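The values are calculated or read from the model by the stated rules, or taken from the named source; none is laboratory data. Just so it is clear, the structure is predicted and the values come from calculations on it, not from any experiment. Here the Cβ positions follow ideal geometry from the backbone for every residue, glycine too, while neighbour counts run over all protein chains shown. Just the protein is used for accessible areas: all its heavy atoms, side chains included, with ligands, DNA and RNA removed. Shrake-Rupley method; radii C 1.70, N 1.55, O 1.52, S 1.80 Å.
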Amino acid sequence: MKIGDKVRFLSDIGGGKVAGFRGKDIVLVEDEDGFEIPTPITEVVVIDTDDYNIAKVVAPKVNPKVNTPVEEPEVEPADKPVTFKAPVEERRGGDVLSVYLAFVPVDVKMISNTRFETYIVNDGNYYIRYAYMVAEGSAWTLRSTGEIEPNTKLFIEEFGRESLNQMERVSIQLFAYKREKPFLLKKPIGVQLRVDPVKFYKLHTFQKNDFFEQPALVQTIVENDRVSLGIDVNPEQLKQQMMQKAEPDKTRVVIQPARKPIDKDAPIVVDLHVDQLLETTAGMNNADILNHQLEVFRRTIEENKNKKGQKIVFIHGKGEGVLRAAIIHELNYRYKQYPHQDASFREYGYGATQITIR
């Protein structure tokens, strides 16, 4: 503030121009009549208009909306990424959980040297929150966790053969839900699967599938809300149970006719002992053998599912063996619509289960 500046009173209407100063705290304001009015310097403000009733403070230009200095508007770059995201599309029949773990060779033509990619496939209308873990011995390692959108597949990792020995087992844990709409509640899922390194050296391991253009090893975690059996058993116990046949009852004499009579009501009998299904088990481990036995079991049921009233007897061996437990698990979850019971002791001895197609 200096002599000659136009000022306005803060606590009263009017003002004038600065005629001089009295000490440091008093300014002499000369009004339009020529009178000098002593005024505390804190009670005046410099203006830039002669209209004393409407003061206009000399200050930097500001934007009245945000009270900040006016700046040139920012111009968005032409290549700014699009943030709009289309809503998730659901498909008919996708309200059941179907999730798969897939191993895909990077170069299937070089199967002995190629690396592999791991995917989780979400073939349904639910969002999936997942955790993917691998185990070497009793130690588990979390390899990936996150969310998979409906009807998509998610790349998890790439690995080489040097990592196979550190992946004796894999575990998948799933939690399903939908967003911004009501849905049927699904139970959390946890499945363990064994990884056989030998399979990754065999070309026939990788098959055509619905999810990838190239052949892949696709393992079921859950399909149509039915959870995969999973494998987590003692190898030695598994081998003994699979190789052991039901011991014949020496006190019972079974008389068999020379020609089997034609009986429309006679059950179909399938012996699941490995030496009845395969000529050799070379190159197969215990889990491979069990999976083959279960494939024969499932294929037999699928081939006869339209024969109402048909009875099928599966011979699996005595006791509470691993194969018997796997079959009962399948019947309780995958084929729960078919009643089952222990087969006739007189005809098949201990170690056989009979189901009825309904």
Subset of the stretch 199-214, residues under 20 Å from Val99 (Cβ atoms) and touching a strand residue (DSSP E or B) at 6+ places or on another chain (Cβ under 6 Å), comes to Phe206, Asn209, Phe211, Phe212
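Consider the stretch 77-103. How many of its residues are modelled with pLDDT of 65 or more and farther than 20 Å from Val222 by Cβ?
If we filter the stretch 77-103 for residues that are modelled with pLDDT of 65 or more, which is where we start, we get 87-103.
If we keep only those that are farther than 20 Å from Val222 by Cβ too, we end up with 87, 89.
Qualifying residue count, the stretch 77-103: 2.
Among the residues of the stretch 127-137, which ones are under 24 Å from Asp210 (Cα atoms), buried (at least 16 other Cβ atoms within 10 Å of the Cβ) and among the hydrophobic types (A, V, I, L, M, F, W, C)?
First pass over the stretch 127-137, keeping only residues under 24 Å from Asp210 (Cα atoms): 127-132.
In the following step, the residues that additionally are buried (at least 16 other Cβ atoms within 10 Å of the Cβ) were identified as 127-128, 130, 132.
If the condition is that a residue be under 24 Å from Asp210 (Cα atoms), buried (at least 16 other Cβ atoms within 10 Å of the Cβ) and among the hydrophobic types (A, V, I, L, M, F, W, C), then Ile128 is the only one that fits.
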By residue number, the members of the stretch 306-343 that are of a type in the set (Phe, Trp, Tyr), open to solvent by less than 50 Å² (accessible area, probe 1.4 Å) and within 34 Å of the chain's Cα centre (by Cα) are Tyr335, Tyr338
Within the stretch 99-126, residues in a loop (DSSP other than H, G, I, E, B), in contact with a Ser or Thr (Cβ under 9 Å, 6 or more places away or on another chain) and open to solvent by 10 Å² or more (accessible area, probe 1.4 Å) come out as Val106, Asp107, Ile111, Asp123
Selection from the stretch 306-326 of residues closer than 18 Å to Leu290 by Cα and either without any contact (Cβ under 8 Å) to a residue 40 or more places away in the chain or out of contact with any strand residue (DSSP E or B) (no Cβ under 6 Å at 6 or more places or on another chain) (or both) yields His316, Gly317, Lys318, Gly319, Glu320, Gly321, Val322, Leu323, Arg324, Ala325, Ala326
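When you scan the stretch 138-149, do you find a residue that is under 30 Å from Ile327 (Cβ atoms) and either of a type outside the set (Lys, Arg) or under 20 Å from the mean Cα position of the chain (by Cα) (or both), even just one?
Yes, some residue in the stretch 138-149 is under 30 Å from Ile327 (Cβ atoms) and either of a type outside the set (Lys, Arg) or under 20 Å from the mean Cα position of the chain (by Cα) (or both).
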Taking the stretch 138-169 and keeping residues free of Cβ contacts under 8 Å to residues at least 40 places away in the same chain, surrounded by 14 or more Cβ atoms within 10 Å (Cβ to Cβ), among the charged types (D, E, K, R) and more than 21 Å from Tyr201 (Cα to Cα) leaves Arg143
Of (1) free of Cβ contacts under 8 Å to residues at least 12 places away in the same chain; (2) buried (at least 19 other Cβ atoms within 10 Å of the Cβ), Glu303 fails just (2)
Within the stretch 184-198, of all residues that are open to solvent by 40 Å² or more (accessible area, probe 1.4 Å) and in contact (Cβ under 8 Å) with a residue 60 or more places away in the chain, the one farthest from Ala287 (Cα to Cα) is Leu184
